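So the structure is just underneath, and the comments pick up after that.
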Amino acid sequence: MNVKDLLETIRAHGQAHVLAFWDGLDEAERGRLLGQLAALDFGLLDRLTKDLLAPDAAASKPPVLEPAPLIELPKTEAERDRFAEARAAGEAALRAGRVGCFLVAGGQGTRLGFDGPKGAYVIGPVTRRTIFQLHAEKILALRRRYGAKLPWVVMTSTANDAATRAFFEARGFFGLDPASVRFIVQENMPAVDRRGKLLLETRSSLALSPNGHGGSIKALHESGACAWLAEQGVDTLFYFQVDNVLVKIADPVFLGFHLQAGAEMSSKAVRKRDWREKVGVLGRVDGRLGVIEYSDLPEDLAKAANPDGSLRFAAGNIAIHLLDVGFVERLNAGGFRLPFHKAEKAVPCVGPDGRPVQLKPGEKNGVKFETFVFDALPRAKASVTLEVAREADFAPVKNAEGEDSPATARAYLVAEAAAWLEAAGRRVPRQPGGMPDLCLELSPLTSFDGQGLAGLTLPELKPGLKLAL
Ligand code: UTP
């Protein structure tokens with residue numbers, strides 16, 4: 001599109017205000033702004049404004065909600081045997097080189113407020129181990145145990161791509177072969193005000209932000225990552241998010257259930273703590289599997305109980321999935337797009353006078369459009385939802401303090417290391433409340449699932465000890 005046509009399009013879609021400072025811009029600034037505008041899908045923006053921002057946008061028929069079928073934690077001997085069979089099937093797939101890892105790390109991490117990619121955050125309770133290092137060492141340990149390639153795709157966004165790659169390079173890819181790690185970049189979406197008008201971050205640039213973790217489905221295809229995985233014989237991808245420090249990467253039990261069911265996309269779930277917990281639940285929406293956001297689950301359903309008193313809608317989504325590579329490719333055929341959701345957020349921007357708008361604390365001046373990976377679930381021909389214990393699989397770093405913060409994540413890491421040492425026959429001092437009375441950090445290279453700890457030579461585990469293993 002030439003510049004004249006582009007300017008015409010911008011005006012025709014009611015977005016001419018983005019050119020308000022045009023006359024004062026130099027050539028480079030004009031080029032940058034035009035480049036950003038040329039990449040926009042104005043038709044899509046119009047549709048989203050109409051569908052998601054118009055006053056009557058929310059007024060559709062309430063969907064019929066039902067719980068998702070769940071493979072619960074094993075209680076009987078027979079169920080434990082089923083889990084052991086699933087583990088064996090998953091381990092066979094790992095050994096056969098059929099599995100790859102997929103980390104989504106394109107988010108902005110605004111709640112944590114850390115200056116850099118979230119994966120560069122130091123999370124080790126004893127050493128300066130970062131979140132990226134923790135994930136990388138789990139993958140390295142898995143590769144060693146199963147003699148598998150286990151290629152790793154890392155999704156970034158334009159805002160953190162260069163910093164993420166530089167971080168991996170500066171740390172020698174944490175011991176992984178750089179050729180076995182592939183970075184892909186997700187797309188951006190423009191932020192708008194509540195009327196759908198584009199926001200300017202500066203006089204010469206749009207306010208853009210990554211298009212949500214659902215952007216991963218398209219990025220996997222467009223970047224050539226799916227083809228790269230398929231060439232290496234990988235047909236199953238373990239999807240995880242950067243902020244979950246407890247994630248059991250490529251968990252063989254999960255892999256086994258997924259593969260035995262011939263599933264195309266599967267999910268792990270933790271039992272909701274209580275009906276109030278603000279977590280999306282895996283369920284059926286008008287008969288189709290998906291995630292029901294907590295804000296969409298009416299209070300009476302959120303409180304509904306089974307005859308044994310347990311919650312009916314209990315399967316809390318923890319954003320751990322398995323994806324069949326062919327399924328991802330099929331989704332991308334024919335221009336499929338995941339639905340967009342709107343999120344009201346504080347968006348740094350300039351006002352009509354070209355000066356930065358001063359936002360009050362907590363003020364949300366803009367709307368971002370995001371897609372969610374779990375919206376691909378209804379498209380899967382078969383799917384498995386597997387219950388896992390929270391303390392085994394889920395400790396996200398979302399907030400700077402309080403719930404889901406570095407402090408809670410570190411406590412979970414210490415608790416896991418302590419439990420594994422006890423299971424291996426060691427005595428771990430505990431506080432009266434049951435918390436470990438020492439600070440432990442276990443390298444995934446020493447053990448990533450509790451195995452291999454029995455033979456370790458350890459100092460006496462005294463109260464207050466700080467120990468990195
Ligand atoms: P969150 O929804 O928690 O967002 O992402 P965030 O960006 O990390 O944090 P806030 O909301 O700004 O505080 C969950 C996971 O999805 C990834 C994140 O990197 C994280 O691993 N994600 C999120 C993406 O990869 N891309 C996105 O556009 C959004």
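Can you go through LYS342, LYS360 and tell me which one is within 25 Å of the chain's Cα centre (by Cα) and charged (D, E, K, R)?
Working: LYS360 fails: within 25 Å of the chain's Cα centre (by Cα).
None of the others qualify; the one that does is LYS342.
Within segment 119-134, the residues that satisfy the criterion of being more than 19 Å from SER447 (Cα to Cα) and either more than 16 Å from the ligand (Cβ to nearest atom) or free of Cβ contacts under 8 Å to residues at least 60 places away in the same chain (or both) are ALA120, VAL122.
Just so you know, in segment 101-118 the residues that are more than 10 Å from the ligand (Cβ to nearest atom) and under 13 Å from the mean Cα position of the chain (by Cα) include one that is farthest from VAL154 (Cα to Cα), and it is CYS101.
Taking VAL428, is it more than 16 Å from the ligand (Cβ to nearest atom), over 30 Å from PRO67 (Cβ atoms) and either in contact with a Ser or Thr (Cβ under 7 Å, 6 or more places away or on another chain) or of a type outside the set (Phe, Trp, Tyr) (or both)? Even if it seems obvious, please write down each step before you answer.
Details: more than 16 Å from the ligand (Cβ to nearest atom): yes; over 30 Å from PRO67 (Cβ atoms): yes; either in contact with a Ser or Thr (Cβ under 7 Å, 6 or more places away or on another chain) or of a type outside the set (Phe, Trp, Tyr) (or both): yes.
Yes.
Scanning segment 105-141 for residues that are in a loop (DSSP other than H, G, I, E, B), closer than 20 Å to GLU169 by Cβ and in contact with a strand residue (DSSP E or B) (Cβ under 8 Å, 6 or more places away or on another chain) yields a count of 6.
Tell me whether segment 302-309 contains one or more residues that are among the hydrophobic types (A, V, I, L, M, F, W, C), more than 19 Å from the chain's Cα centre (by Cα) and over 20 Å from HIS341 (Cβ atoms). Working first, answer last.
To start, the set of residues in segment 302-309 that are among the hydrophobic types (A, V, I, L, M, F, W, C) comprises 302, 304-305.
Those left that are additionally more than 19 Å from the chain's Cα centre (by Cα): 302, 304-305.
Remaining after also requiring over 20 Å from HIS341 (Cβ atoms): 304-305.
Yes, segment 302-309 contains a residue that is among the hydrophobic types (A, V, I, L, M, F, W, C), more than 19 Å from the chain's Cα centre (by Cα) and over 20 Å from HIS341 (Cβ atoms).
If you go through segment 354-406 and keep only what is assigned to a helix (DSSP H, G or I) and either under 26 Å from LEU338 (Cβ atoms) or of a type in the set (Lys, Arg) (or both), you end up with VAL373, PHE374, ASP375, ALA376, LEU377, PRO378, ARG379, ARG390, ASP393.
Taken together, the criteria place GLY334 among residues that are free of Cβ contacts under 8 Å to residues at least 60 places away in the same chain and not in a loop (DSSP other than H, G, I, E, B).
Meeting the requirement of 2 or more residues that are within 15 Å of the ligand (Cβ to nearest atom), the strands (runs of 3 or more DSSP E) wholly within segment 168-249 are 181-185, 188-190, 208-210, 236-241. No other residue among LEU45, LEU40 is over 19 Å from ASP449 (Cα atoms), within 26 Å of the chain's Cα centre (by Cα) and either without any contact (Cβ under 8 Å) to a residue 60 or more places away in the chain or in a helix (DSSP H, G or I) (or both) apart from LEU45.
All told, GLN232 falls short of being farther than 26 Å from GLY334 by Cα and either out of contact with any Phe, Trp or Tyr (no Cβ under 8 Å at 6 or more places or on another chain) or surrounded by 22 or more Cβ atoms within 10 Å (Cβ to Cβ) (or both). Within segment 135-158, can one find any residue that is surrounded by fewer than 21 Cβ atoms within 10 Å (Cβ to Cβ) and within 16 Å of the ligand (Cβ to nearest atom)? Scanning segment 135-158 turns up at least one residue that is surrounded by fewer than 21 Cβ atoms within 10 Å (Cβ to Cβ) and within 16 Å of the ligand (Cβ to nearest atom). Condition first: loosely packed, with under 15 Cβ neighbours inside 10 Å, of a type in the set (S, T, N, Q) and at pLDDT 95 or above. Can you find one or more residues in segment 66-78 that meet it? Looking through segment 66-78, at least one residue is loosely packed, with under 15 Cβ neighbours inside 10 Å, of a type in the set (S, T, N, Q) and at pLDDT 95 or above.
Would you call VAL253 part of a loop (DSSP other than H, G, I, E, B), over 27 Å from VAL347 (Cβ atoms) and touching a residue at least 60 places away in the same chain (Cβ under 8 Å)? Spell out how you get there, then give the answer.
Values: part of a loop (DSSP other than H, G, I, E, B): no; over 27 Å from VAL347 (Cβ atoms): yes; touching a residue at least 60 places away in the same chain (Cβ under 8 Å): yes.
Taking the combined requirement at face value, the residue does not satisfy it.
Considering only residues of segment 63-100 that are assigned to a loop (DSSP other than H, G, I, E, B) and over 30 Å from ASP296 (Cβ atoms), which is nearest to the ligand (Cβ to nearest atom)? For segment 63-100, the residue satisfying everything is ARG98. Residue count for segment 429-467 satisfying the condition of being closer than 22 Å to ARG128 by Cβ, at pLDDT 95 or above and not small (Gly, Ala, Ser): 13. Taking the condition within 23 Å of LEU208 (Cβ to Cβ), in contact with an Asp or Glu (Cβ under 9 Å, 6 or more places away or on another chain), touching a residue at least 60 places away in the same chain (Cβ under 8 Å) and not polar (S, T, N, Q), does GLY90 pass? When the stated conditions are applied, GLY90 does not pass them.
Which count do you get for residues in segment 182-229 that are touching a Cys at 6+ places or on another chain (Cβ under 8 Å) and closer than 19 Å to GLY14 by Cβ? Full working, then the answer.
Kept after step one, since they are touching a Cys at 6+ places or on another chain (Cβ under 8 Å), are these residues of segment 182-229: 191, 199-201, 207, 220.
After this cut, where a residue has to be closer than 19 Å to GLY14 by Cβ as well, the list is 191, 199-200, 207.
Final tally of qualifying residues: 4.
For first residues located in segment 435-462 and β-branched (Val, Ile, Thr), partners that are assigned to a loop (DSSP other than H, G, I, E, B) and lie 6+ apart or on another chain with Cβ distances below 6 Å form the pairs THR446/LEU469.
The values are calculated or read from the model by the stated rules, or taken from the named source; none is laboratory data. Please read all numbers here as calculations on a predicted model, not as lab measurements. For neighbour counting, all protein chains shown are included, and Cβ atoms are generated from backbone atoms with ideal geometry for every residue, glycine included.
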